[in-house]
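S.K.: What follows is a structure written as structure tokens; I'll ask about it next.
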Amino acid sequence: MKLKKHQECTDKIATVVFTSLGYLNIVFVAVICLYLVVSGIPAIGKIGFVDFIFGTKWASTSTVPSFGILPFILTSIYGTLGAILIGLPLGFFCSVYLAKFAPLKIKQFVESTVDLLAGIPSVVFGFIGMLVLVPGIQSIFDVPDGSSLLAAILVLSIMILPSIIKVSIGSIEAVPNEYELGSLALGANKVETVYKVVVPAARRGIGVAVVLGVGRAIGEAMAVMMVAGNVANMPGLFESVRFLTTAVASEMSYSAGLQRQALFSIALVLFVFIMVINALLNLVLKERGKKK
Amino acid sequence: MNNELKRTIYKNVMLFFAYAATLATVLVVGFIIAYVFIRAIPHFSWQLLSTKPSYINETIGVLPDILNTIYIVIATLVFVLPLGVGAAVYLSEYAKNIKIKKVIEYAIESLAGIPSIIYGLVGMLVFCQYFGLKTSLLAGALTLTIMNLPTIIRTTQESLDSVPASYREGSFGLGANKWYAIRTVVLPCCIDGIVTGCILAVGRMLGESAALLFTAGFAHKVNGFIDALSSSGSTLTVALYVYAKEQGRFDVAFVIAAIMLFMSLLINFTASKLSKKIQNKRY
């Protein structure tokens with residue numbers, strides 16, 4: 001009898017502990033949101049929302065400081081779009097090959113290569129970009145400094161490859177085999193079947209892959225910091241630029257006062273971007289669920 | 001005939017793209033690995049791996065960075081395992097209200113999507129300043145804990161869901177209560193899945209740098225585990241960044257990059273072996 005009571009007691013305790021551990025995740029997200037909002041709002045209030053978001057000049061340490069982050073926002077958007085522009089076709093065709101054409105041995109080999117690519121730390125990408133891409137761009141395009149938006153785009157496009165390839169393979173393989181058989185029976189060859197029947201059927205999954213890639217590219221800091229040159233210019237392909245992420249990282253260690261608060265505001269803007277992307281992702285996933 | 005020609009061209013062009021993209025991907029990875037290892041090998045030396053940087057002898061050693069990395073990984077695992085596995089158990093075994101479950105899962109997804117630089121910033125505000133931990137490995141480990149929660153939760157949940165309901169019913173039928181059934185029947189079946197999650201999380205911790213810049217700091221001191229937790233210290237990735245970008249010591253940076261690549265090779269290998277083992281297991 002006593003034993004039973006003891007067991008009931010531990011069972012109750014376990015229920016409470018696990019429930020609170022589950023809820024703890026909501027607390028974490030809430031705390032992160034709260035801290036970003038609370039520490040990000042004051043500077044936006046002082047600088048003025050329009051001046052902050054649409055101001056084109058960032059000079060946080062000059063005697064008359066100006067805090068306009070439009071260059072960072074545009075750089076982040078251009079950099080992400082550029083990375084998708086290069087990374088998506090590369091990842092898409094690669095995943096089509098792996099899902100539909102590749103022999104098993106080759107598929108396994110390439111997939112483990114892609115896994116390896118996913119595991120390479122971002123500082124290593126940045127380091128190699130710094131030593132290979134930056135001098136390369138400098139000599140090929142004959143520009144004074146190779147640290148540029150282009151270098152960042154190239155590094156990012158390689159870094160987003162694994163997420164694009166993995167998700168695309170999954171969604172291409174999930175297309176029912178009957179689609180393929182039907183198309184083949186109507187006289188289409190294998191290549192036509194894959195590109196005109198299977199891929200359109202998998203397009204939502206590929207959409208998810210793109211959104212994931214965007215999320216990864218817009219949030220990347222270290223690799224970009226090492227190759228983009230880190231000057232607060234308006235974006236241009238061969239211009240030395242600063243992203244939203246690198247704007248926070250590069251000045252944080254020596255910032256104070258309004259400058260520091262403005263950095264928190266930049267983080268808040270970045271966070272809003274990420275949350276919009278997350279919401280978009282959920283929307284795409286939900287619609288896909290409905291369709292099935 | 002014209003149509004036939006068009007189709008042949010279409011077929012060959014599209015096939016070419018598929019081959020070319022795959023080849024390009026493999027070549028990029030191959031280039032990265034070969035480049036790092038070839039440039040790093042001449043600079044490997046026992047002295048570099050086994051000492052700390054010394055201004056008197058003008059030598060650089062990465063031992064403190066290696067130790068800090070190990071410490072931070074251990075500390076993070078200690079925190080993240082109970083939190084992550086517990087949350088997964090709640091979601092898979094206890095949560096009855098679908099709405100609340102959805103909200104928690106959405107929160108976990110959001111955690112997974114937040115970029116590491118934001119974790120670094122909030123970690124600095126919360127752990128270093130609000131909790132008064134200053135820049136220390138402990139603050140870094142706590143930041144990494146929250147970052148890696150989604151990985152652990154997801155893999156644990158997957159393996160919990162793969163345990164057949166009949167196992168639970170059987171143990172309830174024998175008179176076990178819920179916690180007893182989970183502890184003695186369900187969780188032991190999931191060990192492989194939890195270990196895989198841990199390995200994936202360790203991979204992520206090893207490669208993390210932006211979140212540690214402001215939380216764990218840059219110091220290169222050799223400390224014991226307890227002292228290290230309360231003092232600032234740079235991990236291998238942060239050290240790589242500092243040596244490459246700020247001090248221009250590419251030789252040291254290459255050696256660290258080679259160590260990092262070797263670690264991620266090892267982790268990938270182990271993880272894929274383990275997941276194969278899980279797939280082979282049949283209930």
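S.K.: Which of the helices (runs of 4 or more DSSP H) found entirely inside the stretch A:141-202 contain at least 1 residues meeting this: facing another protein chain (nearest Cβ under 10 Å) and closer than 30 Å to A:THR246 by Cα?
M.R.: The helices (runs of 4 or more DSSP H) meeting that bar are A:149-159, A:161-173.
Residues are listed down the side, and each one gets a yes or a no for (1) hydroxyl-bearing (Ser, Thr, Tyr); (2) within 12 Å of another protein chain (Cβ to nearest Cβ); (3) closer than 28 Å to A:VAL114 by Cα:
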position	(1), (2), (3)
B:PHE16	no, yes, yes
B:ALA20	no, yes, yes
B:ALA40	no, yes, yes
B:SER45	yes, no, no
B:LEU83	no, yes, no
B:ASN97	no, yes, no
B:GLU109	no, yes, yes
B:SER116	yes, yes, yes
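S.K.: Please state which of the following conditions A:SER20 fails to meet, knowing it meets all the rest: (1) surrounded by 15 or more Cβ atoms within 10 Å (Cβ to Cβ); (2) facing chain B (nearest Cβ under 9 Å).
M.R.: (1)
S.K.: Right, another one. Might you check whether a residue that is within 17 Å of B:ILE152 (Cβ to Cβ) and in a helix (DSSP H, G or I) occurs anywhere in the stretch B:207-219?
M.R.: yes
S.K.: Let me ask something additional. Hey, B:LEU142 hits all of (1) in contact (Cβ under 8 Å) with a residue 12 or more places away in the chain; (2) surrounded by fewer than 24 Cβ atoms within 10 Å (Cβ to Cβ); (3) at the interface with another protein chain (Cβ under 10 Å from one of its Cβ atoms); (4) aliphatic (A, V, I, L, M) but one; which does it fall short on?
M.R.: With (1) in contact (Cβ under 8 Å) with a residue 12 or more places away in the chain; (2) surrounded by fewer than 24 Cβ atoms within 10 Å (Cβ to Cβ); (3) at the interface with another protein chain (Cβ under 10 Å from one of its Cβ atoms); (4) aliphatic (A, V, I, L, M) applied to B:LEU142, the lone miss is (3).
S.K.: Does B:LEU261 qualify as being assigned to a helix (DSSP H, G or I) and surrounded by fewer than 24 Cβ atoms within 10 Å (Cβ to Cβ)?
M.R.: Criteria met by B:LEU261.
S.K.: Could I ask something else about it? Only one of these is on the phi < 0 side of the Ramachandran plot, part of a loop (DSSP other than H, G, I, E, B) and surrounded by 15 or more Cβ atoms within 10 Å (Cβ to Cβ): B:LYS52, B:LYS101. Name it.
M.R.: Answer to the check: B:LYS52.
S.K.: Out of everything in the stretch A:99-112 that is closer than 13 Å to A:VAL191 by Cα and not aromatic (Phe, Trp, Tyr), what residue ends up being surrounded by the fewest Cβ atoms within 10 Å (Cβ to Cβ)?
M.R.: So, considering only residues that are closer than 13 Å to A:VAL191 by Cα and not aromatic (Phe, Trp, Tyr), the one surrounded by the fewest Cβ atoms within 10 Å (Cβ to Cβ) is A:ALA102.
S.K.: I'd like to know if the stretch B:97-108 contains one or more residues that are in contact (Cβ under 8 Å) with a residue 12 or more places away in the chain and of a type in the set (Phe, Trp, Tyr).
M.R.: no
S.K.: Restricting the stretch A:63-114 to residues that are more than 23 Å from the chain's Cα centre (by Cα) and part of a loop (DSSP other than H, G, I, E, B), which is farthest from A:SER250 (Cα to Cα)?
M.R.: A:PRO103
S.K.: Any idea which of A:LEU186, A:LEU161, A:LEU154 is modelled with pLDDT of 90 or more and either touching a His at 6+ places or on another chain (Cβ under 8 Å) or closer than 30 Å to B:ASN3 by Cα (or both)?
M.R.: Exactly one residue qualifies, and that residue is A:LEU186.
S.K.: Looking only at the stretch A:217-236, decide whether some residue is within 30 Å of A:LEU131 (Cβ to Cβ), touching a Lys or Arg at 6+ places or on another chain (Cβ under 8 Å) and either in a helix (DSSP H, G or I) or in the same structural domain as A:ILE32 (by TED's automatic domain parsing) (or both).
M.R.: yes
S.K.: Consider A:PHE109 carefully, then state whether it is free of Cβ contacts under 8 Å to residues at least 60 places away in the same chain, out of contact with any Leu (no Cβ under 8 Å at 6 or more places or on another chain) and outside the structural domain of A:LEU161 (by TED's automatic domain parsing).
M.R.: Considered against the rule, which asks whether it is free of Cβ contacts under 8 Å to residues at least 60 places away in the same chain, out of contact with any Leu (no Cβ under 8 Å at 6 or more places or on another chain) and outside the structural domain of A:LEU161 (by TED's automatic domain parsing), A:PHE109 comes out as no.
Listed here are the residues, each with its yes/no results for (1) under 26 Å from the mean Cα position of the chain (by Cα); (2) at pLDDT 95 or above; (3) outside any helix (DSSP H, G or I).
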| site | (1), (2), (3) |
| --- | --- |
| B:ASN3 | no, no, no |
| B:LYS6 | no, no, no |
| B:ILE9 | no, no, no |
| B:VAL13 | no, no, no |
| B:LEU27 | yes, yes, no |
| B:ILE33 | yes, no, no |
| B:PHE37 | yes, no, no |
| B:PRO42 | no, no, no |
| B:LEU48 | yes, no, no |
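S.K.: Which residue pairs have Cβ atoms closer than 6 Å, lie 6 or more positions apart in sequence or on different chains, and pair a first residue in the stretch A:251-262 that is loosely packed, with under 10 Cβ neighbours inside 10 Å with a second residue that is of a type in the set (S, T, N, Q)?
M.R.: none
S.K.: Scan the stretch B:74-121 for residues that are closer than 17 Å to A:MET275 by Cα, under 16 Å from the mean Cα position of the chain (by Cα) and of a type in the set (Ser, Thr, Tyr) and report the count.
M.R.: Number satisfying all stated conditions: 2.
S.K.: Do we find a residue being at the interface with another protein chain (Cβ under 10 Å from one of its Cβ atoms) and among the hydrophobic types (A, V, I, L, M, F, W, C) anywhere in the stretch A:57-75?
M.R.: no
S.K.: Condition check: surrounded by fewer than 23 Cβ atoms within 10 Å (Cβ to Cβ), of a type in the set (Lys, Arg) and touching a Pro at 6+ places or on another chain (Cβ under 7 Å). Does B:LYS134 satisfy that?
M.R.: In short, no.
The values are calculated or read from the model by the stated rules, or taken from the named source; none is laboratory data. All values derive from a computational prediction rather than experimental measurement. Every residue, glycine as well, gets a Cβ built from its backbone with ideal geometry; the counts of neighbours run over all protein chains shown.
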